Amino acid sequence: MKIQAAVTHAQGDPFSIEEVSVSALRADEVLVKIVATGVCHTDAVGRDLGVSPYPIVLGHEGAGIIEQVGENVRRLAPGDHVVMSFAHCGQCDNCLTGHPTVCELFNDLNFGGRMDDHTCRLHQGDTDVHTFFGQSSFGTHAVAHERNVVKVDRDVDLALLGPLGCGIQTGAGTVLNRLKPEFGTSIAVYGCGAVGLSAIMAAKIAGCPQIFAVDVHDNRLELAKELGATHTLNGKNVDVVKEIKAHSKGGTHYAVESTGAPPVVRQCMQALRPLGQAAIVGVTPEMNIDVHNDLMAEGKSMIGVIEGDSVPRVFIPQLIGFYKAGKFPFDRLVKFYDFNQINQAFEDSASGATVKPILKWA
């Protein structure tokens, strides 16, 4: 089968829409006709930093319609509306205890470029084209293991739903699945991109009466306020730690750090009250931390969270339910682009002009 896909041939290359061949499905796989797919920072990492082999078709926030299923697939059928999420083995201790985001094979299955049988489904002539996150949704069609495909309601715009597979579930899941703030507690969210704004909406669902949003862009802070933030702080203009402590009785109970910037990571720790918990979801480089003063001396905790500690087949339908109930308006974050505008969409994401681009096939 021939499809059109955005191929990345070498590290840092722009996306090029080309013809690609798709191999036949294995028994536990499905073929999805892609309707739309989100643009995520992790795709830019895959393009620019060489974390996966080339050539590769990136894309890992795909939404579409099942066209074909393998002979052993029983849960899904042609015509089903689906969202694709991260790949996981389904067999290791972490997968079996409800934590597939820390699957023992997570890096191999999502960044290694091949499916779980160590082969590729995409090709150009005799050349293997590598897979990303077990889906490669930057194409007209994608092959995925049924494990990382989530059936969704038909009464919601399918084109909108792809980002639930990664960025949006990361922010919302970090709050609702991992931190689980008690009613009446406070939280600060550092960085108001798609992940941070999703965390803010989730904190409102959780009933946090104080939700601090921290960013350096006033337009994003304004959106954060509209989505549930009770306090907004521009880090370029104020002492963030001082302001949060002054308005939260000495610091917040929880924090979500999505920027990956070492100075901001320090802020998020310093603005916690004693026994506070900080969840780090941004890709953070090596940095120094004062373990005694910023962590141990006040009994604080700092944890890493991947993909919102979510079980996608459970959590994504929950988020759609919140959206349908008017409690999780993630549609406020998105802007649609035609698929041939993929390079522009990445530029707009990098510059901050668009919070969450979504690419649509005509």
From a point 7 Å beyond the Cα of Tyr54 in the direction of its Cβ, which residues of the stretch 13-40 have a backbone N at a distance under 15 Å? 13-17
Where in the chain are the DSSP H helices whose alpha-carbon span along the long axis reaches 15 Å or more and whose Kyte-Doolittle mean is at least 1.6? 194-206
Gln169 neighbourhood, Cβ < 10 Å, K/R = +1, D/E = -1, net charge -3
Cβ neighbours within 10 Å, averaged per peptide: list 7-14, 172-179 in order, most packed at the top. 172-179, 7-14
P(r) for the stretch 79-154, please, calculated from all Cα pair distances in 10 Å bins and given in %. 19, 48, 27, 6, 0
Under a crude label model (7 Å from the Cα following the beta-carbon direction), how far is His292 from Asp153 in nanometres? 5.5
Protection proxy (average C-beta count within 10 Å per residue), highest first, orders 199-207, 91-99 as 199-207, 91-99
Per DSSP, loop GluC sites (Glu not before Pro) in the stretch 48-142 with at most 11 further Cβ within 10 Å: Glu71
Would you tally the net charge around Ser21, using a Cβ to Cβ cut-off of less than 15 Å, leaving Ser21 out, and scoring K and R as +1, D and E as -1? -2
Given all pairs of different Cα atoms, what value in angstroms does the Kirkwood hydrodynamic radius of the chain take? 20.7
Footprinting exposure proxy for Arg26, Arg75 (fewest neighbouring C-beta atoms within 10 Å first): Arg75, Arg26
Which whole-number percentage describes the relative contact order of the stretch 171-305, with Cα contacts under 8 Å and a sequence gap of 6 or more? 22
Relative contact order of the chain, pairs being alpha-carbon contacts under 8 Å that are 6 or more residues apart, as %: 16
Other residues with Cβ under 11 Å from the Cβ of Trp361 give, with Lys and Arg +1 and Asp and Glu -1, a net charge of +1
Evaluate the relative contact order of the stretch 210-265 (contact order divided by residue number), counting alpha-carbon pairs under 8 angstrom at least 6 apart; express in whole percent. 27
Only helices counted: for the chain, with every DSSP H run of 4 or more residues adding -39500 (n - 2.57) and the sum spread over all residues, [θ] at 222 nm is -7000 deg cm²/dmol
Residues in the stretch 19-59 near a label at Thr127, defined as backbone nitrogen under 13 Å from the 7 Å Cα→Cβ point? 19-21, 54-57
Value in Å of the Kirkwood radius, where the stretch 171-305 supplies the Cα pairs that are averaged: 14.2
Explain nothing, just the number: dipole magnitude of the chain about its Cα centre with +1 on each Lys and Arg Cβ and -1 on each Asp and Glu Cβ, in debye rounded to the nearest 20. 1120
Length gained, Phe336-Ser21, 0.36 nm per residue minus C-alpha separation, equals 110.7 nm
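No lab work stands behind these numbers, since they all come straight from the coordinates. What you are looking at is a predicted structure, and each value in this text was computed from that prediction instead of being measured. Positions of Cβ are backbone-derived with ideal geometry, glycine not excepted, and every protein chain shown enters the neighbour counts.
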